[in-house]
Amino acid sequence: GFNGLMRQILSNQVSELVVYDCVSKQTKVIYRTHDLIEAPNWTFDQKWLIFNQDGRLYRIDPNGTNGAALINSDPINDLNNDHVLDPNGRDIYVSSNDGHLYRLGLEGGIPTRVTQTDRDAQGFRHYLHGVSPDGANLAYVGLIANASQVKTWIYTFDIGLGVHHQLTNGDFPVDGPEYSPDGQFIYFNAEFPDGPKGGAQIFRMRADGTEKTQLTHDDRVNWFPHISPDNQSMAFLSYPKGTLGHPADRDVMIKIIDLTSSNITTIDRFNGGQGTINVNSWAPTSDKFAYVRYPIDGNPTCDR
C-alpha cells in the first residue's frame, strides 16, 4: 500500500472476482488472489474487466484466462476504486488519492488531469462515479473533511467547458451518482437530513438535480446503484441495518431491482462492502454483472 493510505487485505483473506449471469442465475469466480482488488468495470468491447489493486489498474478477460495485466498509469500510481469508462471505448476516467480526476487510455499512458485545482486550498476532493452517455459530463461526489465534519455534495462536471454544477445542498451525506443510460437521470444513495446516521437508501433525480425520488425503502443500508445498459435493471449493495458509511468486511448482499416491476432479487450474500461494486460493472449486453467478494479464512464462497 501507499503510506498506509491503501486498505490492506487480512492475512487469511482472499479477493474473489465474480461474474453473475442474469440468465442462468449462476455465479462464477473467475479470479482469486491474496491481493486486495476492487471495483470491476466491463469494457464496451466485452474483452476485459478492469479493476484496481495497490493504486494501479489491471485488466483481465471475463473468463479469467488472460491477465491480470497492469495498465501503466505512471506517474499516477495512487488510484482508488472510483474509475469509470469513457463512452468512447478508448479511455477510462480515474480518481487519484490526490483528490483529482484524470483521463487515462485503456492501453495505458500518462494520465491527464481533468479537474481544476482552484478548490484544493479548501481541501475539496473529487470522487468519480458516473459519465454521461455522450461522454460530455462526469458525475462525482465532492467532499470536504475537516476536524468538525465531513460534507458531501453531488456534482456534474462539463468536461469541455470546465463547469461544475452542484446538484445537492450538502445537508445530507450522498454517494455513488451514476447516469441512466439515456442520460436523463442520476441515480445515487443518500441518508436523510433528519434521519439516523447510517440508513442510506437509493434515490434518483433528473440530471439537473430536480425531482428527487426514493427507490428503496427497507431497513438495510443501500449503496452504489448501478443501472444496466438496457435501462431495465438496477444492481446495488445492501449492508446490515445501522451500517455507517460503506465499510469493508460486512455481511453484505447484492440485489437487483427490475426497474419496470420494482421487484427486488437478492443474487448473493457474502463478506464484502468497500471495493465490491463501487462503480458500474454491468456487461454491455446487460446479461452479466461483475463484483468482488472478500471471504476470510481462505474459504471460497460457495458458487450458487
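The values are calculated or read from the model by the stated rules, or taken from the named source; none is laboratory data. Values in this document were obtained by computation on a predicted structure and should not be read as measured data. For neighbour counting, all protein chains shown are included, and Cβ atoms are generated from backbone atoms with ideal geometry for every residue, glycine included. These accessible areas exclude ligands, DNA and RNA; they are computed on the full protein's heavy atoms, side chains included. Shrake-Rupley method; radii C 1.70, N 1.55, O 1.52, S 1.80 Å.
Quick notes on this structure:
- D249 charged (D, E, K, R) and in contact with a Cys (Cβ under 6 Å, 6 or more places away or on another chain): no
- If you go through region 109-137 and pick out every residue that is in a loop (DSSP other than H, G, I, E, B), farther than 14 Å from H83 by Cα and over 18 Å from the mean Cα position of the chain (by Cα), you end up with 11.
- Here T65 meets each of (1) without any contact (Cβ under 8 Å) to a residue 12 or more places away in the chain; (2) under 20 Å from Q274 (Cβ atoms); (3) of a type outside the set (G, A, S) with one exception, condition (2).
- Of the listed requirements (1) touching a residue at least 12 places away in the same chain (Cβ under 8 Å); (2) surrounded by fewer than 19 Cβ atoms within 10 Å (Cβ to Cβ), V174 misses just one: (2).
- Residue satisfying all of: in region 80-108; outside any loop (DSSP other than H, G, I, E, B) and among the hydrophobic types (A, V, I, L, M, F, W, C); farthest from R32 (Cα to Cα) among these: L101
- Hits in region 138-162 - residues which are β-branched (V, I, T), surrounded by 13 or more Cβ atoms within 10 Å (Cβ to Cβ) and part of a strand (DSSP E or B): V141, I144, T152, I154, T156
- Counting the residues of region 193-206 that are in a loop (DSSP other than H, G, I, E, B) and either charged (D, E, K, R) or open to solvent by 70 Å² or more (accessible area, probe 1.4 Å) (or both) gives 4.
- Region 165-178, residues that are under 13 Å from G209 (Cβ atoms) and in contact with a His (Cβ under 9 Å, 6 or more places away or on another chain): P177
- Neighbours by Cβ (under 6 Å, 6+ apart or cross-chain): first from region 68-80, in contact (Cβ under 8 Å) with a residue 12 or more places away in the chain; second part of a loop (DSSP other than H, G, I, E, B) and open to solvent by less than 40 Å² (accessible area, probe 1.4 Å): I71/G108; N72/G108; S73/P111; I76/P111; N77/G55; D78/G55; L79/G55
- For region 1-16, the tally of residues that are modelled with pLDDT of 85 or more, under 17 Å from L79 (Cβ atoms) and aliphatic (A, V, I, L, M) stands at 0.
- Meets criteria (surrounded by fewer than 15 Cβ atoms within 10 Å (Cβ to Cβ), in contact with a Ser or Thr (Cβ under 7 Å, 6 or more places away or on another chain) and either closer than 20 Å to L79 by Cβ or not aliphatic (A, V, I, L, M) (or both)) for H165: yes
- Checked against (1) open to solvent by 50 Å² or more (accessible area, probe 1.4 Å); (2) closer than 29 Å to Y155 by Cβ; (3) in a strand (DSSP E or B), H217 passes all but condition (3).
- Selection status of R113, touching a strand residue (DSSP E or B) at 6+ places or on another chain (Cβ under 6 Å) and surrounded by fewer than 19 Cβ atoms within 10 Å (Cβ to Cβ): yes
- Close pairs (7 angstrom Cβ cut-off, 6 or more residues apart or separate chains): under 10 Å from K288 (Cβ atoms) in region 12-32, open to solvent by 40 Å² or more (accessible area, probe 1.4 Å) and in a loop (DSSP other than H, G, I, E, B) anywhere: D21/D287; C22/D287; V23/D287; K28/D303
- Residue within region 168-184 that is under 20 Å from the mean Cα position of the chain (by Cα), among the acidic types (D, E) and outside any loop (DSSP other than H, G, I, E, B) present: yes
- Count of region 80-110 residues which are open to solvent by 30 Å² or more (accessible area, probe 1.4 Å), among the charged types (D, E, K, R) and in contact with a Phe, Trp or Tyr (Cβ under 7 Å, 6 or more places away or on another chain): 1
- Any strands (runs of 3 or more DSSP E) falling wholly within region 1-79 and containing at least 1 residues that are open to solvent by less than 70 Å² (accessible area, probe 1.4 Å) and farther than 20 Å from R90 by Cβ: 15-21, 26-33, 38-42, 49-53, 67-71
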